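Here the structure comes first, spelled out in structure tokens, and everything after it is commentary.
Every number here is computed from the coordinates shown, using simple stated rules; none is lab data. Because the structure is a prediction, the values reported are computed rather than measured. Neighbour counts are summed over all protein chains in view; Cβ atoms, including those assigned to glycine, are modelled from backbone coordinates with ideal geometry.
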Amino acid sequence: MAADLAHLSPLLIVCCVGLGILLLDVFADPKQPKTFIGYVAVVGLLVALAATGWLFATGGVLLTQPYFAVALTLDPFALFGFALILVVAILTTLASVHYLPSQRCEWGEYYSLVVFASLGMMVMVAAADLITMFVGLEIMSVAIYVLAGFKRQSPFAIEAAMKYFFLGAFATGFLLYGLAFVYGATGSTNLNVVAEHFAKNDPGLYGIVIVIMMIVAFGFKIAAVPFHMWTPDVYEGSPSPIAGLMAGGVKTAAFLALARVFLTAFGGADFENLAISWREVFYWLAILTMTVGNILAVVQQNVKRMLAYSSISHAGYILIGIVASRSVDGGAVAGSGLFFYLLAYALSSVGAFAVVSMLGKDGEEDITYGNLAGFAYRHGFAALCMVIFMASLAGIPPTAGFLGKYLVFTDALAATHMNLLPLVLVAVVNSMIGVYYYLKVIVFMYMREPRREFETIRSVPMGIAFGLAALVVVVCGSFPDTTIRWSAKAATGNPSADSAISAASVIDVPAPVATTAK
Amino acid sequence: MSLQVESLLGIIVFLPLLGAVINGLAGKKLGKGVVTFVGCATVGVAFVAALFAWLHLKSGQQPFHWLAWNWIDAGSLHVNLEYYFDHLSALMTLVVTGVGFLIHVFSVGYMGEDKSYYRYFAYLNLFMFSMLNLVLGSNMVVMFLGWEGVGLCSYLLIGFWFDDDLKAQAGQKAFIVNRIGDFGFLIGMFLLLFYADGTVDYLQLQSLFSDQAREVGTLPLRDSLTITAICLCLFVGACGKSAQIPLYVWLPDAMAGPTPVSALIHAATMVTAGVYMITRLNFLFMLSPIAMATIATVGALTAIFAATIGIVQRDIKKVLAYSTVSQLGYMFLGVGVGAFGASVFHLMTHAFFKALLFLGSGAVIHAMHGEQDIFKMGNLRKLLPITHITFLIGTIAIAGVPGFAGFFSKEAILHGSAGLGLTTDVALTGPWGLSEYAGVFAGWFQVLTVVGLVAALCTAFYMFRLYFVTFWTDYRGDRHSWDHPHKPGFAMEIPLMVLAVLSIVGGYFPVSDWLAPILSRPAQLLVENHDSALSHMLMPISITVACIGIVAAWFLYVGPGRRLPSLFASRLSWLHTVVFNKYFVDELYHGMIVRPVQVVAQALFLVVDRVVIDGIGVRGAPWVVAMTGRMIRFVQNGEVQRYAVAMVVGLAVLVYFLK
């Protein structure tokens, strides 16, 4: 029991931090700036990150108590996700502390909402049960809905929050519907039990309905075309650091949850034999998502909208990693490229949005390319970091984004279950299109004279946020050894396969401990 | 003990980097004294460390590795940031750090008044770091890192005075021409990587391509065509870096940089990288007779071609630049005929005397307030006695007068070339038969030897022409410079003296024997089987040739024939014009390559930039946005529903496909 609690420490710490800073805000002097709450949150998240690192170093742990074990899996897969989400949350918080006052929306609950959103994401990636995953998803989503509309004096923010909420609710409906069918077909919502059931029984029509519902629900969260239409509006209206959290954190969590659900529960051979397997659906979604995202990104005038479409196109590339992944023995065995790509993409986008956060003034943001003109002459360091993020998103060496693409494409070409060469070719062509609008940012920053004076936020923590992100992006791109090893560990060192909870032990939940401990 | 020796390599390589970082980041605030100390001491200590490592090797110990970092360890590709100290890299390291240190000291005097003093030393130290990576790296990737690094530093230092447009352009030209070479090098490297299955380490490559592998038939490359292609691609890279035909054009322009830079980068170290690379991969090049013959031919042609241009140049640094191109040609002739030891020997002696000559010319230019035209100088031995003596020693050394360093090394190369030409019955075996190699090309190598001898004649002539016109005859410049010359200080004179001593004694170092361990067996056999009878014939000829050159220079520029040069120039004005203008190669390249590229670029600019981007993109995008805006206004209330409808449509399509 005590060991389990220690192993759950990343989640518990994050939960306590969220509650703690909520209380801190209540007792804080309302006239004073709330900056310190942000710093407290950062420290708390760092502690959680350290705990995650400790667990990851031990190679993932098995929860012994059955009521934990049926709900959560703390394998390297989940811990890798924890670490990534925590880093993104820390960078988001650092980017926010001076952004909020300048946007006149400095309310203390902001930080606890960020922390709770992160908690939700962590629960999602660690979920061993569809219900747990759903709870995590909702913890995250509700917090994010509020954060999207946090600049509540701005009509755009309210529009963004409302749209996100309505459509999110719509998508959640599909998810719940799918869940109901899963339960109806198998009598359980535990991923391993579902997998075992489908290994013995033909999924048939149930399988088709479940797959459709799940794809729509996850397609919304990862912003895959045609479920993407909310993305640019929401990113544009949200506070810029929150847009970074959505692009870097929410999407990472959604992708990892998607990978776990599809590879664990629906990874069996029978799902391959459906009229069209979900891999083929993702195959076409990937092509559609990359292409539409890229083409629409090219014509954007607003940098935040451009980044939104860019994040859509990246969802397409990441889907390639999902399609290329194989499930073995019921455990999610994704290609290591998927994890590396997620890391590269998450840090590059959260960093890019942190730089974009600088461009606010007095409750107003107008982040067109024109406002970036001559940026490099006034903010050399920020511009340099932005160059690194753009290079990484475009996939130019020596950044992490390049290696991420390289690894995902290699995984895809090495896949034996499908011929993914056409998919990779489409992706390469799309990467080339992408270079255009990423370079455009650099061109404006370095080669255009500023048209007019625009105010920017000068903030050290913000600088630390994008500076750190840029450093990691370059280091992971230049010395990828360690990161590749971690990705491989996250991909293959999955103890959930070893600990595959037998159907019997799940159905009588308070069963003796011995059935799960190995 | 061994641990200490290995870590010496770390000191040698990374100390200059530390210097570059300190001077580059904080140099502005540190003050000149500290910058000087950091810049020179890091290289000096690296030299001392190299000496210790060399002594260790000399005492009969094995070559050793030092691993800095496991760089890439992904799948089948393993690349380490690792350094390797064997006989070849020891020699190169000593030359690079030793000559480099002297040039750093010289720069203290030469660059003393420059406002970007710290920037200069930061670049110079960064160059040392890159060059040491190039020569000490234990695999192709580290070498390539250094290869690109020296190119970058060369660009930065040529364009050091970037306020001057011409100088900035010279830097760009060097960079672009080098990129062409680097492209070849990269292709060669990737081909090699591909066929050697990801092996990048020299020792592993050598064992892959070794005799045994050849005999038992496990050689990774079965067809000689592929191996020839790899060698030729690598050689293209060498042509770019080491200024060989047709990529030599950047080196004369590179003289726009500060003179110590010309001495360090464009004479003693960087430009010899190609020779080093081919020597390092001798086991590979020895497998391709065609590539070897190509290298020898290009080398010999470059030697004679550049030497003839050198005869008519007026700019003191241009003469030395063409002389460098010509001497590099000799080195390539040497590696091309398999005389690797002789080439590296010449590389070393050339580093000594050419650095000496460049630094001497630097002292002259410094004294003459920046004047570079030798016909506006004269009689300078009165003003600059020490510079004069040391410059004379350098000139004698390069001209090939017996007893001085250049004589021995040039002799060794010509001997290698002629010896190979006469050796038709060497009992060597192998799939492509080295005896065939020697046999097929025997006559051709004799021709190349003669070409080399003619180039030697030209060298002796133009170098003594330079010497006589600068230091003898009457002064022809303006009075002010003569009355108030900038006399060189100790910082400039001491390096000159040290290099002068090295230009004499450098010839007595048995480089060919020293390098024997790094040569592959075929290369060793080639050296052993040289016909010794020829050297007796060759030596008198080349001594005679050198003397003729010197006497002719004296006769035409100091002696009774002083009117003849201008007479030649006016009578044979067409020939003079052609040669003086460097055979119009620059103009040819400009017409055939630069202009067409510019035209295409202009066309692309008009079509792509003006029409596609400005027209469709810049003007089209606002239109798209405006239209979108209008549409959004039109469906303001229905927008969320629209999004939801899109999702449902997506769902419907899924259902359609899954059914």
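For helix A:204-221, what angle does its Cα long axis make with the longest principal axis of chain A, in degrees from 0 to 90 and rounded to 10?
The answer is roughly 20 degrees.
Only Lys, Arg, Asp and Glu count, each charged at its Cβ (+1, +1, -1, -1), so figure out the dipole size of chain B about its Cα centre, rounded to 20 debye.
1700 debye
Give me the percent relative contact order of region B:49-124, please, defined on Cα pairs under 8 angstrom at least 6 residues apart.
25 percent
What's the center-to-center distance, using Cα atoms, between region B:77-138 and region A:145-189 in Å?
So the separation of the two Cα centres works out to 61 Å.
Once you have the Kirkwood Rh of chain B from its Cα pairs, apply Stokes-Einstein at 37 °C and 0.692 mPa s and quote D in µm²/s.
It comes out at roughly 123 µm²/s.
Report the paramagnetic label zone for B:Gln169: residues of region B:359-382 whose backbone N is under 20 Å from a point 7 Å from Cα along the Cα-to-Cβ axis.
Those under the cut-off are B:372-373.
Please report the base-10 log of the normalised intensity I(q)/I(0) for region B:1-157, using a Debye sum with one equal scatterer per alpha carbon and no solvent, at each q in 0.19 (1/Å).
Per q value, in the given order, log10 I(q)/I(0) is -1.11.
Tally Lys/Arg at +1 and Asp/Glu at -1 over every other residue whose Cβ is under 14 Å from the Cβ of B:Ile374; what's the total?
So the surrounding residues net to +3.
For labels at B:Phe162 and A:Leu384 in the simple 7 Å Cα→Cβ model, what's the distance in nm?
Rounded to a tenth, the inter-label distance reads 1.5 nm.
If the limit is 29 Å between Cα atoms, which of A:Lys34/A:Lys440; A:Lys151/A:Lys251; B:Lys173/B:Lys382; A:Lys31/A:Lys251; B:Lys487/B:Lys582 go over it?
Violating the 29 Å limit, Cα to Cα: A:Lys34/A:Lys440; B:Lys173/B:Lys382; A:Lys31/A:Lys251; B:Lys487/B:Lys582.
Once you charge only the Cβ atoms, +1 for Lys and Arg and -1 for Asp and Glu, what is the size of the charge dipole of the protein assembly as shown about its Cα centre, to the nearest 20 debye?
In debye, rounded to 20, the protein assembly as shown gives about 2660.
Name the residue from B:Ala267, A:Tyr345, B:Met348 whose Cα lies farthest towards the positive end of the charge dipole of the protein assembly as shown, charges +1 on Cβ of Lys and Arg and -1 on Cβ of Asp and Glu.
Going by the charge dipole, the pick is B:Ala267.
From the square roots a ≥ b ≥ c of the eigenvalues of the alpha-carbon gyration tensor of region A:47-154, which class results: rounded (a/c under 1.5), prolate (a/b over b/c), or oblate?
Here region A:47-154 falls in the oblate category.
Provide the descending list of Cα extents for the protein assembly as shown along its principal axes, expressed in whole angstroms.
Over the protein assembly as shown, Cα extents along the principal axes are 111, 70, 58 Å.
Which is farthest toward the positive dipole end of the protein assembly as shown among B:Met647, B:Ala50, B:Thr387, measuring Cα position about the Cα centre, with Cβ charges +1 (Lys, Arg) and -1 (Asp, Glu)?
Positive-end residue among those listed: B:Thr387.
Share of Cα-Cα pairs in region A:90-140 beyond 14 Å, in percent?
Tail of the P(r) past 14 Å holds 56 percent of the pairs.
What number, in percent, do you get for the relative contact order of region A:208-314 if the mean sequence gap of Cα pairs under 8 Å and at least 6 apart is divided by its residue count?
Answer for region A:208-314 is 36 percent.
For the modelled label position 7 Å from the Cα of B:Asp586 along Cα-to-Cβ, which residues of region B:277-321 have backbone nitrogen atoms closer than 17 Å?
Within reach of a label on B:Asp586, which here means backbone N under 17 Å from a point 7 Å along Cα→Cβ, region B:277-321 contributes B:306-321.
Per 20 Å bin, what percent of the C-alpha pairs of region A:2-491 does each bin hold, from zero upward?
Pair shares across the bins are 26, 60, 14, 0.
With everything on Cα atoms, drop me the angle between helix A:380-394 and the longest principal axis of chain A, reported from 0 to 90° to the nearest 10.
40 degrees
Evaluate E = 1/(1 + (r/R0)^6) for A:Tyr183 and A:Arg326, where r is the Cβ-Cβ distance and R0 equals 41 Å; express this FRET efficiency to the nearest 0.05.
My answer for the efficiency is 0.95.
Using the Cα centre of region A:440-492 as the reference point, and only Cβ charges (+1 on K/R, -1 on D/E), how large is the resulting charge dipole? Debye, rounded to the nearest 20.
With only Lys, Arg, Asp and Glu charged at Cβ, the dipole is about 120 debye.
When a footprinting reagent is the concern and you count Cβ atoms within 10 Å, what order do B:Cys153, B:Cys233 take, fewest first?
The order, fewest Cβ neighbours first, is B:Cys233, B:Cys153.
What angle do you read, to the nearest 10 degrees and between 0 and 90, between the alpha-carbon axis of helix B:405-422 and the longest principal axis of chain B?
80 degrees
In whole Å, how far is the Cα centre of region A:192-206 from that of region A:236-296?
Using only Cα atoms to place each centre, the spacing works out to 22 Å.
Would you give the gap between the C-alpha center of region A:99-131 and the C-alpha center of region B:144-209, rounded to a whole Å?
49 Å
Using 1/(1 + (r/R0)^6) with R0 = 41 angstrom and r between the beta carbons of A:Asp202 and A:Leu5, what's the FRET efficiency to the nearest 0.05?
Efficiency for this residue pair is about 0.50.
Just to be sure I understand the model, the point goes 7 Å from the Cα along the line to the Cβ. What's the resulting A:Met418 to A:Leu23 distance in nm?
Calculated label separation equals 5.0 nm.
Specify the longest stretch of chain A that does not include any exposed loop site, a site being one of the GluC sites (Glu not before Pro) with a non-H, G, I, E, B DSSP assignment and at most 14 other Cβ atoms within 10 Å.
A:1-452
Rounded, prolate or oblate: which one fits region B:154-205, using the alpha carbon gyration tensor with axes a ≥ b ≥ c (rounded when a/c is under 1.5, else prolate when a/b beats b/c, else oblate)?
prolate
Give the relative contact order (percent, whole number) for chain B; include only Cα pairs under 8 Å separated by 6+ residues.
12 percent
State the extension gain, in nm to one decimal, for the chain segment bounded by B:Leu67 and B:Gln446, taking 0.36 nm per residue of separation less the distance between their alpha-carbons.
Contour length minus the Cα-Cα distance gives 131.9 nm.
What Kirkwood radius, in Å to one decimal, follows from the Cα pairs of region B:304-376?
13.2 Å
State the answer as a single residue: which of B:Phe580, A:Cys385, B:Ile278 lies farthest towards the positive end of the charge dipole of the protein assembly as shown, with beta carbon charges of +1 for Lys and Arg and -1 for Asp and Glu, about the Cα centre.
The residue sitting most towards the positive pole is B:Phe580.
Based on the Cβ-Cβ distance of B:Val48 and B:Ala516, what FRET efficiency does E = 1/(1 + (r/R0)^6) give at R0 = 25 Å, to the nearest 0.05?
Efficiency, rounded to the nearest 0.05: 0.40.
Check B:Ala68: other-chain or 5+ apart residues with amide H under 5 Å from its amide H, H built from backbone geometry?
B:Leu81, B:Glu82, B:Tyr83
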